[in-house]
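Here is the structure we will look at, set down as structure tokens.
The values are calculated or read from the model by the stated rules, or taken from the named source; none is laboratory data. If you're wondering where the values come from, they're calculated on a predicted model, not measured in any experiment. As a convention, Cβ positions derive from the backbone with ideal geometry for all residues, glycine included, and neighbour counts pool all protein chains shown.
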Amino acid sequence: MNIPASSPSSSSSRRDFLKTTTKTAAGLSVLSGITLPHVHAAVDDTVRMALIGCGGRGGGAASNALSVNGAPTRLVAMADVQPNRLNAAHDALSKKHPDKMSVSEDAKFIGFDAYKKAVDVLKPGDIAMFATPPAFRWVHYQYAIERGINIFMEKPLSVDGPTSKRMLELNELAKKKGLKVAVGLMCRHCKVRKDLYNRVQDGEIGDIVLARAYRMQAPVASCFSKRRPPETPELIWQIQRFHSFLWASGGAYSDFFIHNIDEACWMKNDWPVEAQASGGRTDRGEFVDQNFDHYSVEYTWKDGSKFFFEGRNITGCRNEFSTHIHGTKGNAIVSNAGHLPARSAIFKGLGRKVEDRVWSAPQPEPNPYQLEWDDFLAAIRNNEDYNEMERGVKASLVTCMGRMAAHTGQIITYDQMLNCPHEFAPGADKFTLDGPAPIRENAEGRYPVPIPGKLRDREYADAV
Ligand SMILES: NC(=O)c1ccc[n+]([C@@H]2O[C@H](COP(=O)([O-])OP(=O)(O)OC[C@H]3O[C@@H](n4cnc5c(N)ncnc54)[C@H](O)[C@@H]3O)[C@@H](O)[C@H]2O)c1
């Protein structure tokens, strides 16, 4: 990696100038009563943004960014590997935010190198937004750091050991440059979960001895895939169906379950040291993807306390999407049914009846997808330190740890996961639209799946 460690900032000075000038001007006006120059009208404090990965979440994140009150923002460039996705996002954002869109035709970029061109439109102090499948995070992060650009990136941040390590190394460079980095684990910005966290840290439920979380649902997004249509090139098809492929997303496990795993670890204030797990594929018929459809995981924190996670993607079963913690004095709902509203609550003892409830989150709750952007833009405006990367990578790694434990049938420790040499998509920085995919279908159109007990040091065989 050849990244100069020099500090950016010709143009974070736009904001710094405004801030410093405002402070100095206020001081002078009190002290000497001099006439103030009209600097505000002359300084453009707009934060310009480039969206890389213009799908469902990319469009949503851009819309949140353009909706922040009191912080002028503008989308100036877009990049994707699929022109139809980019154009659809551009149309939708133009309808919703007509006065904040400045993406000319020559600032729409297509291809695996499109991210570079979009980032090159920005100046230090602006924001690059990454919402592709996570396989490309390290590639895009590396370039944005090199260019001195602030970054928002969606979860997960990494899907295996080598890319987790790479992200942590890259982040040291981002920190040296003072870049602001936000991570799309938006529940961390939820006001009522924060309130619960503070109450738990203050000892309201005693010491946490157990956590449990559930994401049990029907198959969603692209987690199950039938055979590839022959007219669609394999790499693009795997990207379109990225939840089906471990290299692209970490599979259903990493992509869907990370939020509940992260919020449990947040409340505990710690990351598990090991995981053991089981899981499997039931009745998968003609589906060719790499996912198990059920997972049952026991994480262990270093004080010996346990965190049980249940994940399922099966139609017709009971659904649940919630996180709970149990302490020596009481217990709490972290989230009750999805991301929003959390409906967090604290109960005494083991109880869950109304009369056991000692606190519950006031309703309605603000949307954490918006709050994460309000917080990020406030940090940029006020030039505060802001880097969520390290905890984002740790959440991604701990998620991988449970997944690998289920896929191999072994106990996987945090250090084993971090040091596991199996990189799922080596050379992700060199992919081309007509190039090969990291894994290939076999003669029946199927992809390699985990075989617990047989494959023990990697989650799937590269060759089929
Ligand atoms: N925080 C949340 O609650 C939340 C919710 C949904 C999705 N996400 C995350 O957002 C990311 C995207 O998910 P999505 O649902 O928007 O998927 P999506 O398929 O709708 O969008 C992904 C887009 O990225 C593009 N893309 C893929 N590889 C690219 C590359 N190398 N360069 C440029 N563009 C590329 C695709 O063509 C597609 O348009 C995932 O990491 C997902 O986990 C987070």
Margin query: Quick check on ARG403: is it at pLDDT 95 or above and surrounded by fewer than 19 Cβ atoms within 10 Å (Cβ to Cβ)?
Written below: no
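Identify all residues within the stretch 173-208 that are within 16 Å of the ligand (Cβ to nearest atom) and of a type outside the set (A, V, I, L, M); write none if there are none. Spell out the reasoning first.
Initial filter on the stretch 173-208 (within 16 Å of the ligand (Cβ to nearest atom)): 181-190, 193.
Within the stretch 173-208, GLY184, CYS187, ARG188, HIS189, CYS190, ARG193 qualify.
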Notebook entry, point to check: Which condition breaks for HIS422 when tested against (1) in contact with a Leu (Cβ under 6 Å, 6 or more places away or on another chain); (2) assigned by TED's automatic domain parsing to the domain that holds TYR253; (3) assigned to a loop (DSSP other than H, G, I, E, B)?
Noted result: (1)
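In the stretch 102-120, what residues are more than 14 Å from the ligand (Cβ to nearest atom) and within 19 Å of ARG137 (Cα to Cα)?
From the stretch 102-120, those more than 14 Å from the ligand (Cβ to nearest atom) are 102-107, 120; that's our starting set.
Passing the criteria: only ASP120.
Among ASP457, ASP429, which is the only one that is outside any loop (DSSP other than H, G, I, E, B), among the charged types (D, E, K, R) and either within 23 Å of the chain's Cα centre (by Cα) or not assigned by TED's automatic domain parsing to the domain that holds ILE151 (or both)? Reasoning before the result, please.
Details: ASP457 fails: outside any loop (DSSP other than H, G, I, E, B).
Only one candidate qualifies: ASP429.
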Margin query: Going by what's in this entry, would PRO452 be described as outside the structural domain of ILE110 (by TED's automatic domain parsing), at pLDDT 95 or above, surrounded by 18 or more Cβ atoms within 10 Å (Cβ to Cβ) and over 22 Å from the mean Cα position of the chain (by Cα)?
Written below: yes
Check: ASN64 fails exactly one of the following numbered conditions: (1) away from the ligand (no atom under 11 Å from the Cβ); (2) polar (S, T, N, Q); (3) in contact with a helix residue (DSSP H, G or I) (Cβ under 7 Å, 6 or more places away or on another chain). What is the number of that condition?
Finding: (1)
Check: Among PHE256, PHE224, which is the only one that is more than 18 Å from PRO438 (Cα to Cα), under 20 Å from the mean Cα position of the chain (by Cα) and within 16 Å of the ligand (Cβ to nearest atom)?
Finding: PHE256
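Within the stretch 282-294, is even one residue hydrophobic (A, V, I, L, M, F, W, C) and under 30 Å from TRP359 (Cα atoms)?
Applying the first criterion (hydrophobic (A, V, I, L, M, F, W, C)) to the stretch 282-294 yields 287-288, 292.
Adding the requirement that they be under 30 Å from TRP359 (Cα atoms) leaves none.
Within the stretch 282-294, none of the residues are hydrophobic (A, V, I, L, M, F, W, C) and under 30 Å from TRP359 (Cα atoms).
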Margin query: Condition first: under 21 Å from the mean Cα position of the chain (by Cα), part of a strand (DSSP E or B) and under 27 Å from GLN217 (Cβ atoms). Can you find one or more residues in the stretch 352-365 that meet it?
Written below: no
Notebook entry, point to check: Looking at the stretch 437-447, is at least one residue hydroxyl-bearing (Ser, Thr, Tyr), within 21 Å of ILE258 (Cβ to Cβ) and either touching a residue at least 40 places away in the same chain (Cβ under 8 Å) or part of a helix (DSSP H, G or I) (or both)?
Noted result: no
Checklist line | Counted residues, the stretch 144-182 - those being among the small types (Gly, Ala, Ser) and either modelled with pLDDT under 95 or more than 20 Å from THR399 (Cα to Cα) (or both) | finding: 4
Check: Counting just the residues of the stretch 34-61 that are of a type in the set (A, V, I, L, M) and either at pLDDT 95 or above or under 22 Å from the mean Cα position of the chain (by Cα) (or both), which one comes out farthest from the ligand (Cβ to nearest atom)?
Finding: VAL47
Note to self: I'd like to know if the stretch 127-146 contains one or more residues that are away from the ligand (no atom under 16 Å from the Cβ) and farther than 23 Å from ARG188 by Cα.
What the structure shows: yes
Next item on the list: Go through the stretch 267-334 and tell me which strands (runs of 3 or more DSSP E), entirely inside it, have 1 or more residues that are in contact with a Lys or Arg (Cβ under 7 Å, 6 or more places away or on another chain).
Entry: 294-300, 306-313, 320-327
Checklist line | Pairs with Cβ under 9 Å, 6+ apart, first in the stretch 179-200 and under 19 Å from ALA61 (Cβ atoms) and in contact (Cβ under 8 Å) with a residue 40 or more places away in the chain, second of a type in the set (Val, Ile, Thr) and part of a loop (DSSP other than H, G, I, E, B) | finding: LEU179/ILE149
Check: Which residue pairs have Cβ atoms under 6 Å apart, sit 6 or more places apart or on different chains, and have a first residue in the stretch 46-62 that is under 16 Å from PHE376 (Cβ atoms) and a second that is within 11 Å of the ligand (Cβ to nearest atom) and among the acidic types (Asp, Glu)?
Finding: ARG57/GLU154
